[in-house]
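Take a look at the structure set out below.
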Amino acid sequence: MSTTTPTPPQHRRNGGDLVVESLAALGAGTVFGLPGQHALGVFDALRRSALRYVGLRVENNAGFAADAYARTTHGVAPLLVSTGPGALMTLAALQEAAAGSAAVLAIGSQVPLAGVGGGRHGYLHELTDQSASFRGVVKSVHTARTASQIPSAVAAAWESALSTPHGPVWLEIPQDVLLAEADVPPVSELAVRPKELPPRPELIAAAATRLTEARRPVILAGGGVVRAGAEAELLALAERLGAPVATTFGGKGAFPWEHPLSLQSWLEDRYTTTFLEDADTLLVVGSGLGELSSNYHTFRPLGRVVQIEADLGKLESNHAALGIHADARAALAALVKEVAEREPRDAGRTGYAGAPTPEAAVSDLLARVRDRIAGQHLDLEQQVLASVREALPDGAVSCWDMTILAYWAWSAFDPRRTNALHSAQGAGGLGYGFPAALGAAVADPERPVLAVSGDGGAMYSIAELATARQYDLPVTWLIVDDGGYGILREYMTDAFGAATATELARPDFVALAESFGVPAVRTDPERLRTDLAAALAAPGPSVVVLPARLRMFAPTHLDS
């Protein structure tokens, strides 16, 4: 008697196939995510597609990985998750993507159509209005209620994510729609036209007049410059005007760190704040002058402000300005052209606090900042940061969690490359560093990536060591182990005299990493540069643990 293997039923294309076909037609090559019962239709369809799937262990971490992938590629990062708990777990990551203008296209499933609309039918994962949870976080919310709607809904969400300013979007599709047979041809082509934001000519002319007639023009470049890829235009304008340039924490890399006109990123320093205030014309590009970029809202401009901002809600939201609602690259290119047709004031003007040149004024400011830091006996912190910089190859990417060493990096770290430093300073949630580094490594696996976390933040994403090992991603994770939430310990001690709820039990991070099959080493400040360089040079993932209690430099905004 012979036995035969049952022939599996022939697959009939369904809504899940339409999702992956639509993503591929729009140019996607990689998707991030985590499967769930209601989303199985789209995950099964991935098996029949050419899309690369990178699965993480927690939806929030998958969102952080997609965020860094989008920032690294300047493109769209699809994120696939399931209904209810899976969907809601992405919210913190999507808030960071919104703050950092990362084009994440989050696609979540929904309960079956019969349960949509708040009827309280008791479906698994049912929410009264799932999409309402996302409306205050993402740029736009989209829904597909039939299979034939899916390609257009995916295209509309993609177009929204890539329209200036970039940002995350949410698309949800009910479970039965993903599973329903699709009686339409395969998706072969989808056209999208992301909206651009060209500047109005009369505003560019007015801005050029103010800048060329200024005695003390200064530029503050934010993350919008980096997201728009406008570094070359910024450099050309600054050199034409002879204007010093400071970058916000999100704008690091927008301007060459060692350029004679570079004020670097010491925005939490009163000397820098005063320098920006004293400009008779301050050009702010790609920044809303929010809390961190304004030294905790102590910035008070004495001269006129020109603000170029793609996010309409941030335009003049903190200070009156000649507001130009435009993409940073388009606006800066127009300004360069307009300024080139005019004669700026003599580049040797002495308007900057009596300095003979703008370059001399910049040098004097940075010297005063260095002296202030030197007077606080923070040698260990500067040694550790310098060791990280020396160990990290110039072409490498770094992703920083919310930890004291990252706060130092915001002000003092030279990224040596545009679009090479990513952090969670937009929304400020813990757990960003390591999963973001995984996303950056997926985007470009040929170069090493560094993740930096504290021990508290590391526990948010420790499960992703399995992801790093599974995909053999070249990410080195530096964990600074100080026994708790170090920055909160400092904040509470300064404010209340003692810290509460900041001290943490934690694992042996070296042994834990090795249990995942990830090489790990415990280091010290003297060996950090050597150990970190060796880890970054080795293939695949690795962990370097630095037991150290670092301190922050003294704030300057409290004395204002």
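Within segment 389-401, track down each residue that is assigned to a loop (DSSP other than H, G, I, E, B), crowded, with 19+ Cβ neighbours inside 10 Å and either of a type in the set (Val, Ile, Thr) or at pLDDT below 95 (or both). Give the steps one after another, and end with the answer.
Keep residues of segment 389-401 that are assigned to a loop (DSSP other than H, G, I, E, B), which gives 392-396, 401.
Of the ones still in play, those that are also crowded, with 19+ Cβ neighbours inside 10 Å are 392, 396, 401.
Across segment 389-401, the qualifying residue is only Ala396.
Looking only at residues in segment 283-301 that are of a type outside the set (A, V, I, L, M), on the phi > 0 side of the Ramachandran plot and modelled with pLDDT under 95, which one is surrounded by the fewest Cβ atoms within 10 Å (Cβ to Cβ)?
As a first pass, look at segment 283-301 and keep what is of a type outside the set (A, V, I, L, M): 286-288, 290-291, 293-301.
In the following step, the residues that additionally are on the phi > 0 side of the Ramachandran plot were identified as 286, 295-297.
Cutting the leftovers down to modelled with pLDDT under 95 gives us 295-297.
On the way: Asn295: 22, Tyr296: 17, His297: 14.
Looking at residues that are of a type outside the set (A, V, I, L, M), on the phi > 0 side of the Ramachandran plot and modelled with pLDDT under 95, I get His297.
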| When you scan segment 451-560 for strands (runs of 3 or more DSSP E) that lie fully inside it, which ones turn up with 1 or more residues that are open to solvent by 50 Å² or more (accessible area, probe 1.4 Å), over 22 Å from Ala62 (Cβ atoms) and without any contact (Cβ under 8 Å) to a residue 60 or more places away in the chain? | 520-522
| task | Within segment 366-388, count every residue that is open to solvent by 30 Å² or more (accessible area, probe 1.4 Å) and either assigned to a loop (DSSP other than H, G, I, E, B) or among the charged types (D, E, K, R) (or both). | result | 8
| request: Hand me the list of strands (runs of 3 or more DSSP E) wholly inside segment 15-124 holding 3 or more residues that are surrounded by 22 or more Cβ atoms within 10 Å (Cβ to Cβ). | output: 30-33, 77-81, 104-110
| Positions within segment 263-275 being open to solvent by 10 Å² or more (accessible area, probe 1.4 Å) and more than 23 Å from the chain's Cα centre (by Cα), in sequence order | Arg270, Tyr271, Thr274, Phe275
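Touching a residue at least 40 places away in the same chain (Cβ under 8 Å), within 21 Å of Arg342 (Cβ to Cβ) and open to solvent by 30 Å² or more (accessible area, probe 1.4 Å): is that true of Pro201 in this structure?
On the way: touching a residue at least 40 places away in the same chain (Cβ under 8 Å): yes; within 21 Å of Arg342 (Cβ to Cβ): yes; open to solvent by 30 Å² or more (accessible area, probe 1.4 Å): yes.
Criteria met by Pro201.
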| query | For Ser363, all conditions in the list (1) among the hydroxyl-bearing types (Ser, Thr, Tyr); (2) touching a Leu at 6+ places or on another chain (Cβ under 7 Å); (3) assigned to a helix (DSSP H, G or I) hold save one; what is the number of the exception? | reply | (2)
| said: Going residue by residue through segment 433-443, is there one that turns out to be crowded, with 22+ Cβ neighbours inside 10 Å and outside any helix (DSSP H, G or I)? | reply: no
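The values are calculated or read from the model by the stated rules, or taken from the named source; none is laboratory data. Note that the structure is a prediction, hence the values are computed from the model and not measured. Every residue, glycine among them, receives a Cβ derived from its backbone with ideal geometry; neighbour counts consider all protein chains shown. Accessible surface areas use protein heavy atoms only, side chains included; no ligands, DNA or RNA. Shrake-Rupley method; radii C 1.70, N 1.55, O 1.52, S 1.80 Å.
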